[in-house]
Every structure is written in C-alpha cells, then in structure tokens.
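Heads up: the structure comes next, in structure tokens.
The values are calculated or read from the model by the stated rules, or taken from the named source; none is laboratory data. For clarity, every value in this text was computed on a predicted model and none was experimentally measured. Using ideal geometry, Cβ is built from the backbone for each residue, glycine included, and neighbour counts are taken over all protein chains shown. Remember, those area values only see protein heavy atoms, side chains included, never the ligands or the DNA or RNA. Shrake-Rupley method; radii C 1.70, N 1.55, O 1.52, S 1.80 Å.
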Amino acid sequence: MSKKKRIGILTSGGDCPGLNAIIRAVVRCATRKGWEVYGIPYSTDGFINLVKGKCQPEELRLYDHGYDIPGVLRGLDVLQFLSGSILGSLSKGHPGNSEIAKDIMEGYQLLELDALISIGGDGSMDIIYDLAKQGGWNLIVVPKTIDNDVAFTERSVGFETAVNTVTQALYDLTFTAASHERIMVVQVMGRDAGHLALHAGIAGGADVILIPELTPKLEEKVIENICLRIAQLRQENRKFALVVIAEGVKNLAGEKENYIGDSLAALIKEYSSKLCHQEDGDFCSLDEIDTRCNVLGHLQRCGSPTSFDRLLATVFGIKAVHLIEEERYNRLVVWENGSVESKSLDKVIPMIKWCHQEKICPSPVDSSGYMVQTARSLGIYLGEK
Ligand code: F6P
C-alpha cells in the first residue's frame, strides 16, 4: 500500500471536450487509494486566490461523485459526458519571476501538495514547468487540445471530438451549399497546425483543404488552382464545393488574419470571374459562382466528448495517478503506438521552448505522411502549385 498523498489538479489554456473526464478519472482513482485531491480553480489563479484568502483549501477538495443531480438521476456520474472544465481554465502569459509567481508558490505551499497534475497544451505546459522548477513541485502534465499539436504524443484529449464536430458541420453545410450551388469556405481552428482541418476535411468530404504545413500563405497560383478545381467539378456536373481552410494559413501578404476564410471566399469569387473572362468555354461556368464563408469558431471546443476522447482522458488520468504513486515525477503523459506512456519533461520542454522561440509548430502535420497522401489520393486539392 503506497503512502497517502495530497494531490492538486488544474486545467490551463483553452478548454476542450474531455477535461472533466480526466478530472473524474484522477479523482476516482486517487480517492480509491485514500488520497486527497484538490481542484485548483482557474489554473494558477487558484493558488493566488488561496493566498489572498478568497477561498479556503477545504473548499477545493474534490470527492468522487461530489456533485448532485435531482430525482431519479441522483448519484449519476455525469462528469465524463460534459465538456468545458469544472475547474475553469485560464490562458494567461508567463508570470516570470514577478510578485504573481511568488503568490503562486505561496498558494501551492498552503495546500501542502505532494504532486500537481496539470492538464494543458504546449503553451501552458511551458509555463507550469518553469513554475514547478522554481517551486520544486512534483509535476505531471496531461496533454489536451483540439489542435493536436502537443509534441511527443500522437493524440491529445479533445482532438477527436473536435474532428467529429467539424466533420458534422461539413456534412450539414454540404446540403445548403448544394441547394444554392455555392462554394462553401469553412474556416477551422488549429492554431499553427492543420491536423483538425486535414482530418475533418477528409472525413467531411472537402474538395479543397488548405493547411499551414502545405500552404503557409495564400498565393495567386493557389487561388487559381482552387478555381480550376471548382471548374473541373462543374464540368462533372457538381455545382457546389467545400473548401476547408485552417486558421493558421496566412493571407496573400503573409500576415495572420482572424477571418482568413472570409478573405479566401472573396478571392475565389474575384479570381473565378477573372479566370472565366480569360479562358474560353470550360471556365465560363465560374462566372456565376457564389461563395460563402463559415468560421466555425469556439463551437469546435464544445460538445460531449466522443467515446475515444473519454477513453483517452480516462487512461491519461489514471496514468497520471500511477506515475505519482510510483513517484515518477516531472513527466508528460503521452499516447504512443496505441498505448499510454510518459516522457520526461526535461526532454520535452527544451524542444517546446525552442519551437516557441522560433515560432514553429511543435507537432505539425507530416507533409509526406499517410493523411496527406490519403487526401491527395482522393483528389482533394491541398494547395500544390
Ligand atoms: O488552442 C486551442 C484553440 O482553440 C485554437 O485552435 C484557437 O486558435 C485558440 O484556441 C482560440 O483561443 P481563444 O479561446 O483565446 O479565442
């Protein structure tokens, strides 16, 4: 029987489906061992609030089935079904060596924690690692993000649900696009990575998928090729098209744009009309094309987690508790070759810090990988010039 422990858990960075499933797994597994679990509200701000007396340690204690549902559903364990985070989350910059960091250290000490589980993406992982080093904390990180861009793990919690959400949106948009013979441009999240756009684009039947790894910026040639693809479809008697663009693709000037999908929709309209007047016969149909853009936005971070995300979240949560039990600290839980493993944060973090410094995505789409090859083999246009 291992020594009883007091552990903390927090969620940081953008929320995603599956966070509560991780928390549930940790609380269930740890409390069965007789450990105490403390949920830190709003990430490291929770430590600051403790120091300021805005909350008391006992109020942060998490209990298995510590929530109440009325009527016949009393006692139902709902946590793994719910998206968002019961602890709240925070996307703030690095506190550095400031007063804020001092308060965070003090708050951590107040709770007398043996270890902390931080659920986050690579941005928050970088920050929490520095704080843990500064405070001598025993840290375990569990990766989550709809972007699936955390290095050293093939999957992060939340990605699969987001792929499903975007796939469903593409399916739904197909029918209105078809009814109005429109070119539907769909802007998908993913930060600097194209995993979400690529996976959902293939699953949702997109005709064009632009991702930053293959199309870092829009170029005239790319727009022209999209128009040619649309013309080709029209010749085959398909009057609508789905064009997916990842938010990380930059505009013609090489700048980031919040509504890059809108710009692309306008460019397709402009170029198609131009092209039609330059070319004979075959491209004339392009003169009539109508484009619309849908920015899917934060809906992509919503929805009940899929079964895979629930399982991944649960396996990751249990692994985090097991690592603490074995006192193997300072580790990132990862998904590798269909199984759960862990990596030393001392190896992971320097690479992540370097990527942040160089403004490089830590885990981009493999441009010659099987997903890209699959898309190409299906005839999906991926921005080739
Ligand atoms: O990292 C997750 C993510 O949803 C990105 O895909 C997106 O660019 C960003 O967060 C949006 O962040 P915010 O919630 O701050 O608008």
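Remark: spin-label model distance residue 325-residue 175 equals 4.8 nm, labels positioned 7 Å along the Cα→Cβ axis.
In the range 151-213, the alpha-carbon atoms span a convex hull of 79 Å³ per residue. Screening the chain for DSSP H helices whose Cα atoms reach 24 Å or more along their own axis and whose mean Kyte hydropathy is at least 0.5 gives 307-325. Modelled spin labels at residue 58 and residue 168, positioned 7 Å past Cα toward Cβ, are 4.2 nm from each other.
For residue 133, a cut-off of 25 angstrom between C-alpha atoms picks up these lysines, skipping any fewer than 8 places away in its own chain: 3, 4, 5, 52, 92, 102, 144, 319, 343, 347, 353, 359.
Once neighbouring chains are kept in place and the probe is 1.4 Å, which whole percent of the accessible area of the range 191-281 is contributed by carbon and sulfur? Before the final figure, lay out the partial values.
Numbers: 1630 of 3720 Å².
Roughly 44 percent, rounded to a whole number.
With the biggest extent put first, the Cα atoms of the chain measure 79, 52, 39 Å across the principal axes. State the Cα centre-to-centre distance between the range 346-385 and the range 168-241 in whole Å. Here the answer is 19 Å between Cα centres.
Size of the dipole of the chain about the Cα centre, Lys and Arg at +1 and Asp and Glu at -1 on the beta carbon, nothing else charged, in debye to 20?
Values: 41 positive and 50 negative charges, 230 e Å.
For this selection, approximately 1100 debye.
Based on the mean of other beta carbon atoms within 10 Å per residue, what is the order of 89-97, 224-232, most packed first? Write down the numbers at each step before the final one.
Working: 89-97: 14.2, 224-232: 20.4.
Descending mean neighbour count gives 224-232, 89-97.
In the range 1-75, what percent of the accessible surface is made up of carbon and sulfur (1.4 Å probe, ligands and nucleic acids excluded)? Whole-percent figure for carbon plus sulfur exposure: 52.
With a 1.4 Å probe and all protein chains left in place, how much accessible area per residue does the chain have, in Å²? Write down the numbers at each step before the final one.
Details: 16770 Å² over 385 residues.
Here the per-residue accessible area is 44 Å².
Taking label positions 7 Å along the Cα-Cβ direction at both residue 385 and residue 134, the computed distance is 4.4 nm, reported to one decimal.
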